[in-house]
Structures are given as structure tokens and as C-alpha cells.
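K.L.:
Quick one: the structure is below, and I'll ask about it shortly.
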Amino acid sequence: MLEKPFPLESLVSKYKEQMQENDIQPSTYKVQYLNTIESMVRYFSTCMDEVGRIIDPYMERETQYATPAYAAATALLFTQRPYEWMLESASKALDCSLRQMVNETCADGHSNFYTTMVVYAYEKLAHHVSEAKRDEWVALFSEINPKTLYQKTINNWKIVALAGEYLRDTKNLGPAINLAAFDDALAPQMELLTEYGLYVDPNGPLAYAMFTRNYLRLILLEGYAGRYKETLAECCRRGELSSLFMQSPTGEMPTGGRSAQHQWNEAQQAFQFEIAANEYAKKGDWKLAAAFKRGAHLSLDSIQRWKRPTGELNVVKNFADPSIRLGYESYSFHSQYNLLAAYFLALAYEQASEEIGEIQAPAEVGGFTIWMEPFFHKLIINVAGHYIEYQTEGDDQYTPTGIVRIQRKGIWPTIGPSDGTPVSSKRALSFAPAWKNVNNVETRLSELTGKEIPKMEVKEISKEANKIIVQVIYQGPMNGAFRIERTLSVTPEILHVADTIIGEVESVTEEFPLFFTDGEASSKISYEEKRIDVDYKGNKVCIIALDKEASDFQLGSEVVSYRNGMLTSISYESKALETEYVVHLYHHEHYLEDTTFFKMLSDYRLMNRKEVKA
């Protein structure tokens with residue numbers, strides 16, 4: 001798929017035309033990588049048992065690759081802040097991890113992930129330990145049998161294991177690699193690299209579209225010169241640009257799919273953005289270098305929001321007690337996903353250069369749309385840091401169809417809200433209409449997935465510096481609805497949504513997902529007439545229904561758990577088959593005065609009708 005043109009090339013060129021090199025500001029955040037890693041390492045150092053394993057404090061056992069990730073992060077930290085206990089602790093974790101690999105007893109069968117981490121830890125520690133200890137480690141490395149150690153899988157695990165073996169070879173810690181055989185093993189994976197530079201893991205989760213690229217990058221950083229050198233380099237170039245332009249103004253990766261909203265998402269993003277900043281700086285492209293530098297800084301800021309009082313992170317973006325596992329995947333654990341983030345932050349730290357400054361990133365400047373099909377089903381609209389993420393086709397397990405994220409520069413990221421709830425939860429929630437057909441049977445767009453959506457297209461109606469209008473159209477038999485037209489008008493301040501449903505339909509319901517709690521603190525939700533207000537620690541959302549025939553608001557009967565805490569909902573029903581509403585995120589002191597707000601809204605509605613008809 002990489003043979004196709006890069007779809008975002010024109011967006012990149014336009015962004016560069018907008019930016020001025022004299023707007024680049026100094027970058028001084030690098031030390032924050034170490035500060036974040038150290039607080040995590042100090043916490044997890046207390047979780048080490050007598051043989052060096054990191055024991056998850058909530059599961060009360062070792063989980064996955066927590067121990068080698070701890071070894072790697074602590075080893076890097078020791079090279080920069082040489083406390084003797086760090087050397088002892090990292091060495092003990094490395095001892096344990098290597099013996100697990102030799103004995104093929106890696107925790108939870110996650111041997112594929114160990115190798116890059118232990119090679120990294122060894123490289124940092126080797127010159128700080130005795131010759132006898134160093135020889136012991138080298139001997140353990142030599143006893144590893146890659147033919148029996150690694151799990152055989154059909155996803156990103158294969159590339160992770162290949163990268164580990166490549167790194168072992170380059171550091172003389174394993175058998176010499178036959179490059180032709182290595183390339184043969186890599187070859188099938190090349191079919192999963194899209195024109196955006198994103199890897200297609202099963203079901204298309206964006207977290208793993210980037211995750212796999214970490215290991216392609218590690219191979220390239222170690223001087224890979226095999227059959228796919230140019231392919232991997234182009235994949236990384238495109239993938240890093242795609243990720244930069246999809247980043248939200250709060251620094252986050254897009255939501256949705258498996259492992260979304262885990263802190264390691266932004267940690268890996270920082271790592272890749274630091275590499276990209278260096279590469280563009282070497283080419284003399286200071287605008288893109290500074291943009292990636294800013295993107296890395298935003299990623300780090302995003303992670304630091306979720307630091308716990310005890311020093312480590314909430315692994316998912318909520319403040320619930322980790323014992324509750326709110327928003328966790330079945331394979332998410334407090335130890336391994338904290339320490340995976342620490343490992344990626346260590347890699348990012350080593351790549352970070354303070355000789356490269358920062359400039360406003362695409363996430364903050366906006367002025368573009370991105371529509372990704374057929375694997376990722378994402379529509380991103382960004383106008384001056386007002387960010388809308390639309391899932392064009394949902395799935396049962398992770399993400400509903402509809403608007404799943406609304407974020408605005410400077411506003412707390414989860415208030416919008418920042419994610420929806422899937423069909424498998426108590427209730428699928430997104431900004432999406434429902435309708436009752438002539439037989440009084442209700443269908444909810446948020447619940448439609450896969451083959452239930454016969455045909456879908458996205459049209460960019462107009463694009464100006466401070467306003468973008470996009471239509472999302474669904475067409476085909478949908479239980480009474482034959483055509484759904486959703487017109488999204490986005491400005492720096494407001495989102496205006498107009499829904500038109502054509503078919504044998506009696507009424508339309510608009511249901512609004514509302515941020516209820518972060519797992520610790522709750523929002524204040526109020527509603528009257530046609531207005532809803534949500535207040536979370538001074539971060540606010542105002543939703544106004546504009547339909548004359550709208551019924552009174554009805555508070556949803558369900559409070560639904562999701563990645564950021566819990567959602568509730570409020571809805572209204574209308575006999576009109578054309579409905580519209582506005583959403584406005586703001587701080588109290590920045591609220592648009594009612595007269596200005598409604599004058600602006602009136603102007604937009606008039607312009608929207610003209611532009612859509614045209």
C-alpha cells in the first residue's frame with residue numbers, strides 16, 4: 001500500500017507555508033522526561049521481590065514485561081542520575097529477565113517484548129558493573145534460543161521479536177543474523193503498511209498502528225540496510241507525519257480501538273516525534289523539526305496530567321483507583337503499562353535535542369480534515385485547535401459510530417467528552433442520532449457497525465481559515481432510514497451539527513453523551529429548556545438544541561463506565577426529520593456572551609445552508 005501517494009502531502013506543505021521560522025521558540029522540557037521516569041521508577045522499585053521481579057501491587061504477581069521494562073527505564077535513569085540503588089535495582093531486574101528468557105518462563109508468555117528492553121538495559125549498565133557480572137549477562141544472552149522463545153502470532157508481536165533479535169545481533173549479544181533470512185521474515189508484514197505509514201493490526205487500532213512503528217524505528221536506528229530499508233524509512237516518514245496531524249490539541253493520540261487512552265500511547269508518540277524532529281533538523285527543515293518537537297512536548301504534557309500522588313501514572317486516562325481497573329483492557333495492568341510508558345520515555349529522552357526549538361504544532365493550528373478508510377474509519381476535523389474526531393464506522397467492542405471526541409485547546413481533555421462507549425457496554429454513546437420507523441422500532445446510529453452501514457461517504461463542503469464544513473452521509477436500508485446526512489460545521493469556538501434523516505421515519509432522537517465522573521471527581525450537570533451545561537473543575541460544555549419541535553430533555557437511565565470514567569446522557573425527541581444543535585467547550589472566563597454567541601450562531605446557520613445547498 002505504500003506505493004500509493006501519501007494522502008497528507010498537501011496538508012504538510014500548507015502547514016509549512018503558514019509557519020514562520022522566526023516564531024520558533026526554545027525547547028526546555030527535556031528534563032521532564034527524567035523527572036517523570038524517576039517518579040515511576042521510585043514507585044515500582046518498592047514492588048521488586050527477592051529475585052528481581054516487579055510484582056504488580058494490585059494483581060500481586062508479575063505481569064507481562066514489567067520487569068524488563070523496569071530494567072530498561074531504571075538503567076537509563078542511572079546513567080543520568082547515578083544513585084547506587086538504581087544500578088543495583090536495574091541490574092537485579094536485568095538478571096531476572098535474562099534468566100526468564102533462557103528458561104523460557106517469561107511472565108504471561110510475553111517473551112517477544114523482552115528482547116529490545118534487555119538489550120537496552122544491558123547497553124546502559126555494562127560499563128558500570130564488574131567484569132564478572134558483564135560476562136555473566138553475555139553468557140545468558142548467548143543461551144537464549146529464539147526458535148523456541150518467541151510466541152508465533154499474526155500481529156505486531158512478530159515485528160517486536162524481529163527487532164529484538166536484530167538489536168541482539170548489532171550489540172554482539174546473540175547469533176549473527178542472516179540479513180536475507182531476516183528480510184524474508186519481515187516480508188509478509190510489509191503488506192500491512194498503509195499509504196499513511198500506519199500498520200494494520202487486527203481490527204485497525206491506532207495505538208498499534210504506531211506501536212509497531214516503534215520497532216521498525218529501532219531497526220533503522222541500528223543501521224538496518226536490508227531489502228526494506230527504503231520502505232521502512234518511508235513508512236516511518238509518512239506515519240510520523242500522519243500521527244502529528246492526527247494529534248489532538250491536548251497532546252493525545254486519536255481515541256478508539258484496542259488499547260486506546262493508555263499513557264504509553266503518548267509516550268511512544270513522544271519517542272517517534274523526537275526522532276522525526278532530529279531527522280528534519282538534519283535536512284535543514286526547521287519548521288517541521290520544530291513542529292515535531294512541539295508535538296513531543298504536548299505528548300509529555302498529556303502524560304503528566306495523569307500522575308498519581310504516589311509518583312506513577314494512572315495507566316488509563318481517568319483518576320479511579322487502579323484496583324477498580326476502570327477503562328482497562330483484559331491485558332492492562334498497573335505495572336506493565338506504567339513501565340512500558342517509562343521505557344518509551346527513556347527512548348524519547350535519548351532522542352530529545354534542546355538544540356531544536358518549538359513552533360505551534362498542527363494540532364494547535366488546525367485548518368484541515370483527515371478521513372481515513374478503509375482500515376481505521378476516522379474523520380478528524382481541526383480548526384484552530386478545536387478538534388473533532390468522528391468514528392465513521394464503529395465496532396461492537398471498542399468504539400461507537402458517531403462523534404466520539406470533542407477537544408479544544410486549553411480545555412481539560414475529557415470534558416467534551418473524549419471518547420464514546422461501544423455496543424458491548426450498557427449503552428453505546430456518541431454524538432449520533434436515533435430514529436423510530438413507522439413501526440415504532442428505534443435504531444441508533446451509534447450502535448450500527450460493519451455490514452449494518454450499507455454505504456458511507458464524507459464530503460468536505462467548504463474550508464476556510466476559521467471554519468470547516470463536512471458532511472458525513474450514510475445511504476442504504478437502515479431499519480426505516482434510507483439516507484442520513486450529518487453536516488458538521490466547526491469553528492474555533494463551536495461545533496454545529498445538523499442531521500437530516502430521509503426514509504420511513506416517524507421521529508428523531510438526539511442523545512448527548514455527558515462527562516459524569518473521572519472515577520474520582522464528578523461533573524455538575526444541569527439542563528433547562530433547550531440548554532445543557534456540564535462543569536468539571538471550571539472546564540465547561542454548553543449544548544444547545546436548536547429544533548423548534550424538540551421535546552423536553554430526558555436524562556438517560558444509564559451511567560456507563562468507559563475509559564475516562566463514566567458517561568451519562570441527555571436526549572430529546574423531535575417529529576422534525578431535520579435536527580440541529582451546537583456544542584461549545586470553554587472556561588468560565590472565556591465564555592462567549594449570549595448575544596455574541598447567538599449572533600455568531602445565526603450567521604453560521606445562514607452560511608451553512610447556502611454552502612451545503614451549493
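The values are calculated or read from the model by the stated rules, or taken from the named source; none is laboratory data. Everything quoted here is computed from the prediction, not taken from an experiment. FYI the Cβ positions are ideal-geometry reconstructions off the backbone, even for glycines, and counts take in every protein chain you see. Remember, those area values only see protein heavy atoms, side chains included, never the ligands or the DNA or RNA. Shrake-Rupley method; radii C 1.70, N 1.55, O 1.52, S 1.80 Å.
K.L.:
Tell me which residues come under 5 Å, amide H to amide H, from residue 506 once H is placed; ignore anything under 5 positions away on its chain.
P.N.:
436, 437, 438
K.L.:
Same structure, new question: Determine which residues of the stretch 180-196 fall in the zone a paramagnetic label at residue 373 would reach in this model, i.e. backbone nitrogen under 17 Å from the point 7 Å along Cα→Cβ.
P.N.:
195-196, by backbone N distance to the label point.
K.L.:
Quick check on packing: order 335-341, 136-142, 487-493 by the mean number of other C-beta atoms within 10 Å, highest mean leading. Could the numbers behind the result be given before it?
P.N.:
Working: 335-341: 28.9, 136-142: 15.9, 487-493: 21.6.
So the order, starting with the most tightly packed, is 335-341, 487-493, 136-142.
K.L.:
Using the structure shown, select from 426/548; 158/455; 152/282; 92/147; 14/540 the pairs with a Cα to Cα distance greater than 28 angstrom.
P.N.:
Details: 426/548 31 Å; 158/455 35 Å; 152/282 39 Å; 92/147 26 Å; 14/540 32 Å.
Too far apart for the 28 Å limit: 426/548; 158/455; 152/282; 14/540.
K.L.:
If you don't mind, there's one more thing I want to ask. What ³J(HN,Hα) values, in whole Hz, does the Karplus curve 6.51 cos²θ - 1.76 cosθ + 1.60 give for the stretch 369-379 when θ = phi - 60°, with x put for Gly and Pro?
P.N.:
Per-residue couplings from phi come out as 10, 10, 10, 10, 9, x, 8, 10, 6, 10, 10 Hz.
K.L.:
Now for a different question. Here are some pairs, 16/409; 317/436; 524/575; which of them have Cα atoms lying more than 26 Å apart in this structure?
P.N.:
317/436; 524/575
K.L.:
Counting only protein heavy atoms and using a 1.4 Å probe, what share of the accessible area of the stretch 69-170 belongs to carbon plus sulfur, as a whole percent?
P.N.:
Here carbon and sulfur together make up 49 percent of the probe-accessible area.
K.L.:
How far is the Cα center of the stretch 78-150 from the Cα center of the stretch 1-74, in Å?
P.N.:
The distance from the Cα centre of the stretch 78-150 to that of the stretch 1-74 comes to 20 Å.
K.L.:
What dipole magnitude, in Debye to the nearest 20, does the stretch 378-418 give about its Cα centre under +1 on Lys/Arg Cβ and -1 on Asp/Glu Cβ?
P.N.:
320 debye
K.L.:
If I stretch the segment between residue 441 and residue 307 completely, what's the gain in nm (0.36 nm per residue apart, minus their alpha carbon distance), one decimal? Write down the numbers at each step before the final one.
P.N.:
Values: separation 134, 0.36 × 134 = 48.24 nm, distance 4.60 nm.
Value of the extension gain: 43.6 nm.
K.L.:
With a probe of 1.4 Å, find how much accessible area the chain has per residue, and write the answer as a whole number in Å².
P.N.:
Averaged over the residues of the chain, the accessible area is 37 Å².
K.L.:
Beyond 11 Å, what share of the Cα-Cα pairs of the stretch 347-391 is found? Please give it as a whole percent.
P.N.:
72 percent
K.L.:
With a 1.4 Å probe and all protein chains in place, put 213, 325 in order of accessible area, largest first.
P.N.:
325, 213
K.L.:
Mind running the shape call on the stretch 310-400? Use the C-alpha gyration tensor, a ≥ b ≥ c as the square roots of the eigenvalues: rounded below 1.5 for a/c, prolate if a/b tops b/c, oblate otherwise.
P.N.:
Oblate.
K.L.:
Ignoring everything except DSSP H segments at least 4 long, calculate the 222 nm mean residue ellipticity for the chain; use -39,500 (n - 2.57) per segment, divide by total residues, nearest 500. The partial results should precede the final answer.
P.N.:
Numbers: 16 runs with 227 residues, N = 614.
So the calculated ellipticity at 222 nm is -12000 deg cm²/dmol.
K.L.:
Follow-up. Given the stretch 443-495 reduced to its alpha-carbon atoms as identical point scatterers, what log10 I(q)/I(0) does the Debye formula return at q = 0.16, 0.19 Å⁻¹?
P.N.:
-0.55, -0.69
K.L.:
Under a 5 Å amide H to amide H cut-off, with H placed in plane at 1.01 Å, what residues pair with residue 517 once short-range neighbours are removed?
P.N.:
523, 566
K.L.:
Still on this structure, please answer the following. Keeping all protein chains in the complex and leaving out DNA, RNA and ligands, what accessible area do you get for residue 10 with a 1.4 Å probe, in Å² to the nearest 10?
P.N.:
Spelled out: residue 10, probe radius 1.4 Å, area about 80 Å².
K.L.:
Ratio of alpha-carbon Rg to the 2.2 N^0.38 Å globular estimate for the stretch 48-124, to two decimals, please.
P.N.:
1.01
K.L.:
A further question follows. So, with +1 on the Cβ of K and R and -1 on the Cβ of D and E, and no other charges, what is the size of the charge dipole of the chain about its Cα centre, to the nearest 20 debye?
P.N.:
Rounded to the nearest 20 debye, it is 500 debye.
K.L.:
Could you quote the convex hull projected area for the stretch 223-302, Cα atoms only and averaged over all directions, in nm²?
P.N.:
Mean projected area for the stretch 223-302: 5.8 nm², to one decimal.
K.L.:
While we're looking at this one, here's another question. In µm²/s, what is D for the stretch 70-173 at 25 °C and 0.890 mPa s, where D = kT/(6 pi eta Rh) by Stokes-Einstein and Rh is the Kirkwood radius from Cα pairs?
P.N.:
Details: Rh = 13.8 Å.
Taking Rh from Cα pairs, D becomes 178 µm²/s.
K.L.:
What FRET efficiency would be calculated for the residue pair residue 229, residue 13, taking the C-beta separation as r and a Förster radius of 35 Å, to the nearest 0.05?
P.N.:
0.85
K.L.:
A further question follows. If you roll a 1.4 angstrom probe over the protein chains with everything in place, what fraction of the accessible area of the stretch 368-427 belongs to carbon and sulfur, to the nearest %? Walk me through the numbers on the way to the answer.
P.N.:
Working: 780 of 1510 Å².
On the stretch 368-427, the fraction of accessible area on carbon and sulfur atoms equals 52 percent.
K.L.:
What ³J(HN,Hα) values, in whole Hz, does the Karplus curve 6.51 cos²θ - 1.76 cosθ + 1.60 give for the stretch 555-570 when θ = phi - 60°, with x put for Gly and Pro?
P.N.:
In residue order, the calculated couplings are 6, x, 7, 10, 10, 10, 6, 7, 4, 8, x, 9, 10, 10, 8, 9 Hz.
K.L.:
Using only the C-alpha atoms of the stretch 255-354, find the volume of their convex hull and express it per residue in Å³.
P.N.:
100 Å³
K.L.:
Please work out the Cα center distance from the stretch 528-585 to the stretch 196-241, rounded to the nearest Å.
P.N.:
Between the Cα centre of the stretch 528-585 and that of the stretch 196-241, the gap is 41 Å.
K.L.:
Determine the dipole magnitude for the stretch 210-335: charges of +1 sit on the beta-carbon of Lys and Arg, -1 on that of Asp and Glu, nothing else is charged, the reference point is the Cα centre, and the result goes in debye to the nearest 20.
P.N.:
With only Lys, Arg, Asp and Glu charged at Cβ, the dipole is about 180 debye.
K.L.:
Separate question: Skipping prolines and chain starts, which residues have an amide H placed within reach, meaning under 5 Å, of the one on residue 366, given they are 5 or more residues away or on another chain?
P.N.:
The list, which skips near neighbours in sequence, is 384, 385.
K.L.:
May I pose another question? What FRET efficiency, computed as 1/(1 + (r/R0)^6) with R0 = 51 Å and r the Cβ-Cβ distance, is obtained for residue 330 and residue 22, rounded to the nearest 0.05?
P.N.:
Once the sixth-power term is evaluated, E becomes 0.50.
K.L.:
Where the centre of each part is set by its Cα atoms, how far does the stretch 357-393 sit from the stretch 250-316, in angstrom?
P.N.:
If you average the Cα positions of each part, the centres end up 16 Å apart.
K.L.:
Of all the accessible heavy-atom surface of the stretch 276-342, with the other protein chains kept in place and a 1.4 Å probe, what percent is carbon and sulfur?
P.N.:
51 percent
K.L.:
When the Kirkwood hydrodynamic radius is evaluated over all pairs of different C-alpha atoms of the chain, what value in angstrom, to one decimal, is obtained?
P.N.:
Final number for the Kirkwood radius of the chain is 25.2 Å.
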